[in-house]
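Here is the structure we will look at.
The values are calculated or read from the model by the stated rules, or taken from the named source; none is laboratory data. All figures in this text were calculated on a predicted structure; none of them were measured in a lab. Neighbour counts run over all protein chains shown; Cβ positions are idealised from the backbone, glycine included.
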Amino acid sequence: MKNDWLLLGPNSPYRGGIAAFNDAIAFEIQKKYNLTIWNYKHLYPSFLFPGSSQFRPEINAKELGLRILHSTHPLQWESIRKQISKDKYEVILFPYWHPFFAPMLIRILPTNTKNIMFGHNILPHESFPFSTQLTKALLRKVTGVITLGKSELKQLQKLEYKGKMAYHLSPIYPEYVERFQKPIPTIELPIDKQYRKILFFGIIRPYKGLEVLLKALEMEKLNHVALIIAGEAYGNSKDLLEKVEKFKDRVYWINRYISDDEVPAIMQQAELVILPYLHATSTGVLPIAYCAGKPTIVTNVGGLPELVIKDYTGDIVPPNHPEALADAICKWLTNNELMQRARQKIPELLATMTFSELLRTIERELL
């Protein structure tokens, strides 16, 4: 059936960047095409999700699509495959961020359809058995891949992928644009007003380099700086808590999932957003920071540098280098000219980071 598209989840009510991405691209696709959404009935097994909940806590969290996908139920995959073949979609789109999901996708995707992958992570951040083999097997059924970082294009080439490839800047979620345009409530955090405040935002995992940022904060040049950590730690957080407690009144950790409604007020508390990742593909945090008008300091890993115009919208430093990170933070907090440039340049960059442009890239380069 012409112009019938299928988007495979996760979508709301699941939480996290992948679900938010799918929600936003679905909104754009529905403006032009007949779109069906198949969401997950069961997404992560517990060993892959050590967080408190896989679902958004908001009482009014929307639910998108028919919740029928099951990541660990091979017998159900066969019925899904038959239904897809029966419906004969013109285009099937799906996110890929972990090889755990490859067996299901390999089984259900047809071979006579334009299968378009959103390559969030071509290979996973953490070690996983047979990652390369599973990903290569899935790619043999994929017509085109769009990535949010140029480093992921290189990964595809290393895996000898022969299909179409495209790249687009990580887009900003429209919901956040709307939230930051509304009046933002004031919140009080237990941090002395003498300190300049910086923010580490998002789910805390080892590859995100929070411990490197804490080492930078120990340096004398940052004695005037306080850190807000906003996000839930995955796994055992005891060691991290002990390190945070050493700072007493200079580090405040909101150790839980941050709902979408809370994000603007927390972002407004800080002057800079810091992404000290040890490795990465792309990130949804940086577009949100730009939406708040906040300059962002990132490490030179994956697609992060592609989202920063050095000395205009933020800074770029080597990974795992506390001193370079401290220097960049100090430079921005003591230079009013840099802050003024950022206020002018960030809105210009945001205008190019849209889901409508992302969809146009898919249409132009992958279909």
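Inspect all residues belonging to the range 353-367 and state whether any of them is more than 27 Å from ASP261 (Cβ to Cβ) and either part of a loop (DSSP other than H, G, I, E, B) or touching a Cys at 6+ places or on another chain (Cβ under 9 Å) (or both). Yes, the range 353-367 contains a residue that is more than 27 Å from ASP261 (Cβ to Cβ) and either part of a loop (DSSP other than H, G, I, E, B) or touching a Cys at 6+ places or on another chain (Cβ under 9 Å) (or both).
Residues that are on the phi > 0 side of the Ramachandran plot and of a type outside the set (D, E, K, R): does the range 246-266 have at least one? No, because not a single residue in the range 246-266 is on the phi > 0 side of the Ramachandran plot and of a type outside the set (D, E, K, R).
Only one entry in ALA230, ALA226, ALA216, ALA270 is in contact (Cβ under 8 Å) with a residue 60 or more places away in the chain and touching a strand residue (DSSP E or B) at 6+ places or on another chain (Cβ under 8 Å), namely ALA270.
Determine the pairs where a residue that is modelled with pLDDT of 70 or more, located within the range 31-55, has a partner that is among the hydroxyl-bearing types (Ser, Thr, Tyr) with Cβ atoms under 7 Å apart, the partner being 6 or more residues away or on another chain. Partner pairs satisfying both residue conditions: TYR40/TYR14; TYR40/SER71; HIS42/SER71; HIS42/THR72; LEU43/TYR14; LEU43/SER71; PRO45/THR72. Against the test of being farther than 18 Å from LEU366 by Cα, in contact with a Lys or Arg (Cβ under 7 Å, 6 or more places away or on another chain) and surrounded by fewer than 22 Cβ atoms within 10 Å (Cβ to Cβ), the options LEU214, LEU189, LEU134 yield a single qualifying residue, LEU214. Output the number of residues of the range 312-344 satisfying the condition of being surrounded by 20 or more Cβ atoms within 10 Å (Cβ to Cβ) and closer than 27 Å to GLU178 by Cβ. Residues flagged as surrounded by 20 or more Cβ atoms within 10 Å (Cβ to Cβ) and closer than 27 Å to GLU178 by Cβ within the range 312-344 amount to 3. Please work out if PRO347 is surrounded by fewer than 20 Cβ atoms within 10 Å (Cβ to Cβ), without any contact (Cβ under 8 Å) to a residue 60 or more places away in the chain and out of contact with any strand residue (DSSP E or B) (no Cβ under 6 Å at 6 or more places or on another chain). Answer is yes for this residue. Pairing residues of the range 167-184 that are closer than 19 Å to SER356 by Cα with residues that are of a type in the set (Gly, Ala, Ser) and modelled with pLDDT under 85, at Cβ distances under 6 Å and at least 6 apart in sequence or on separate chains, gives SER170/SER282. In the set (1) outside any strand (DSSP E or B); (2) touching a helix residue (DSSP H, G or I) at 6+ places or on another chain (Cβ under 7 Å), the condition left unmet by ILE274 is number (1).
Yes or no, residue by residue, for (1) in a loop (DSSP other than H, G, I, E, B); (2) over 23 Å from LYS221 (Cβ atoms); (3) in contact with a strand residue (DSSP E or B) (Cβ under 8 Å, 6 or more places away or on another chain):
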site: PRO287; (1), (2), (3): no, yes, no
site: TYR290; (1), (2), (3): no, yes, yes
site: ILE297; (1), (2), (3): no, no, yes
site: ILE316; (1), (2), (3): no, no, yes
site: LEU325; (1), (2), (3): no, no, yes
site: GLN340; (1), (2), (3): no, no, no
